[in-house]
Every structure is written in structure tokens, then in C-alpha cells.
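These notes concern the structure reproduced below.
The values are calculated or read from the model by the stated rules, or taken from the named source; none is laboratory data. The model shown is predicted, which means the values in this text are computed figures rather than measured ones. Quick reminder, even Gly has a Cβ in these numbers, built from the backbone with ideal geometry, and neighbours come from all protein chains shown.
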Amino acid sequence: MHRFLSPSRSSLMCVLFAFAPAGVLAAIAPKEVHQVVPLDAKGELSLETFKGIVKATAWDRAEVKLDASIQADESSSDCGSEQERAEWVRKTEVKIEAASGSVRVRSDYDQLETATNLNNHCISRPFVNYEIKMPVNARLRITDHKSTIQVADVHGAITLVTHKSKVDLRGIEGPLELTTHKGEVRVAFSKWAQPSQITTHKGDVEVSLPKSSRFDLEAVVGRGGELQSDFAGANLVAKGVYQGSVNGGGPSLRLTTHKGHFRLRQA
């Protein structure tokens, strides 16, 4: 192991579901959303969310199947009464906007936050959990704060921006553009064919590629960062900067961190 240390027009569909009257409940029932939306085989699905679980898997249909569950954050018992937390679930929505080549999904807390801020007291956003099936070659774009994100077998381009999510990407082909502040990230490429880049401030990132992958590596590692690699070929060309061609070179892999940790693994 080599170890480097160092330094058209769109139709807006707002999906609203009835919820039981707010009240003090023994258990706060979740609110569910189920929707199937057409999407071109090479279109784009984008998701904007805040916290919860996101599971996206590929299938061979030209459509997106979305199942969402909005659930109260019971861990924040000191923020709002049970009645208030039930009301926050009722006011949280999943919004879906569909166009010919794209589907946009958003966890919408606007009603909740407007009402709560008027009362000038704490707020605990509900979790929004998603299970999504999407075309295998469609593009996927996720913007998130602190969810647990799992993506499997999506071969289109993936763009993911997060603050501190736990991310697990498997069976992807890229290109991948991933930015996180301090999230924990695991990425497993089924094959290496497209340039990709990963940026983290102080996150822990593991990237697995097939042993025979041909790529040009460029890594910028800050003083508190670390790069470990099972692949030979990267050379220190300046303070904290590593460059080199692996297995003869190919599409670029760019890694950047201030004080995070990168590990390159051979699959």
C-alpha cells in the first residue's frame, strides 16, 4: 500500500396528503407520498432534502417511482410538544415538478418554518425518507444537509452536494461530482470510464475502483489531510499535491481536501 501523508414548460404537482387532526398522540403517524412520474431514459432526477434516508436504485423503465415518508423527529423532545411535532409533520410536504426531460423533488418545510418563526421558538424539522427507482442511465443530482444517502447501480452522471451526510454509492460508472464538508463517504465504481472529482473539507472518503482501472490521479491534500492508495503511480509534485498516471492513465480522478482522509482501494 502506498501511503501519502500531509500536508419548455413544466407542470407543478404539489403532492399533499390528508393527515389526522393534530393533537397529543401516543405515536405521531407519518405522512406518506407515492408517485410515479415519466422520465426520459437519459433525463435528470434532482432531489433537494435536509434530513432522513434517501435510497435510490436503478431500473429499466423510463419513469421515476417515488415513495416518501415524512416522520416526526422524536429525538428532539425538548423542541416543541408532541402536538407541535405532529403539526410539523402535517405542514411538511414533498413537492414534485416534472418536465419532458427532468423530474425535480423537494422536501418542503416552508409552511412549517413560517408558522414557527412567527412564534419565535425552536423548530425540529421532520425526517423525510425517500425510496426511489429511476432509469439506469439517467442523471442524478442530490442536494442535502445531513441525510443517509444510498445509491446503487445508477450509471448516469451523479452530482451530490452535502454538508455532513453519510453517503454510500455502489455500482456507479460516473461521471461523479461530489462535494461534502464533513460527511462520511463510500464510493464503489463498477467500471472506470468517466472523469470524476470529490471534494471534502474534513470528511472521511473511501473510493473503490476495479484493479485494472486506467486513470490520471490528481490529489490536493492540506496539512491535516491524508491520502492512502492501493494504486501505484502518484508522485508528490509540490507540497500536498500528488499527480500521476495509473495503469497508463485515463479519465481523471481529482481529489481535494483540507484535513480530510482519502483512501483509494482496488476492488
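One table, with the values for the structure above:
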| quantity | calculated |
| --- | --- |
| Out of Val187, Val161, sole residue that is surrounded by fewer than 22 Cβ atoms within 10 Å (Cβ to Cβ), over 30 Å from Glu82 (Cα atoms) and in contact with a strand residue (DSSP E or B) (Cβ under 6 Å, 6 or more places away or on another chain) | Val161 |
| Residue under evaluation Met13, criteria (1) modelled with pLDDT under 95; (2) in a loop (DSSP other than H, G, I, E, B), criterion not met | (2) |
| Hits in segment 39-62 (condition: surrounded by fewer than 18 Cβ atoms within 10 Å (Cβ to Cβ) and either hydroxyl-bearing (Ser, Thr, Tyr) or more than 20 Å from the chain's Cα centre (by Cα) (or both)) | Asp40, Ala41, Ser46, Thr57, Asp60, Arg61, Ala62 |
| Hits in segment 122-140 (condition: assigned to a loop (DSSP other than H, G, I, E, B), closer than 21 Å to Trp88 by Cα and of a type in the set (A, V, I, L, M)) | Ile123 |
| Check on Arg186, in a strand (DSSP E or B) and in contact with an Asp or Glu (Cβ under 6 Å, 6 or more places away or on another chain) | yes |
| Close pairs (8 angstrom Cβ cut-off, 6 or more residues apart or separate chains): farther than 11 Å from Trp192 by Cβ in segment 245-267, among the acidic types (Asp, Glu) and part of a loop (DSSP other than H, G, I, E, B) anywhere | Leu264/Asp230; Arg265/Asp230; Gln266/Asp230 |
| Residues that are in a loop (DSSP other than H, G, I, E, B), among the small types (Gly, Ala, Ser) and either under 19 Å from His258 (Cα atoms) or not assigned by TED's automatic domain parsing to the domain that holds Lys191 (or both), drawn from segment 208-235 | Gly222, Gly224, Gly225, Ala234 |
